[in-house]
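First comes the structure, then the notes that go with it.
Any read-out appearing in this document is the output of simple, stated calculations on the displayed coordinates, not a laboratory observation. What you see is a predicted model, and the numbers here were worked out from it, not measured in a lab.
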Amino acid sequence: MSKKTTDDAYEDQVQLERRAEREGRGRDAEWPSQIPSPGWKDVLWRVFAEVSEDRVMLIAAGAAFYLLLALFPALAAFVSIYGFVADPQTIAEHIAFLG
């Protein structure tokens, strides 16, 4: 399995651009409503390729994982700081309100 170089990817993109211009796929459209169906297929294909190339799903999954992983320590820190700052009577009132 050979890897594509940047030059190969550029050449592929140039060929796709030329084909799209020849076939009238709406590359010069001013509004989305002016793009024909084959043009929308090209748009979706390019979006899929860019999402795959940029690994958007992997980055989103990693961000969600680390956010969830950091949630409980942050909550513990918030409760600890609240315990240091708040008046004991206020804390008792809040606990009574919750329970």
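Diagonalising the gyration tensor over the Cα atoms of the stretch 6-54 and scaling each eigenvalue by 5 before taking the square root yields semi-axes of 20, 14, 8 Å, largest first.
Taking only Cα atoms, what is the 0 to 90° angle, nearest 10, from helix 88-98's long axis to the longest principal axis of the chain? That works out to roughly 60 degrees. Annotation: amide H-H contacts under 5 Å for residue 35 (H modelled 1.01 Å from N, sequence separation of 5 or more, or interchain): none.
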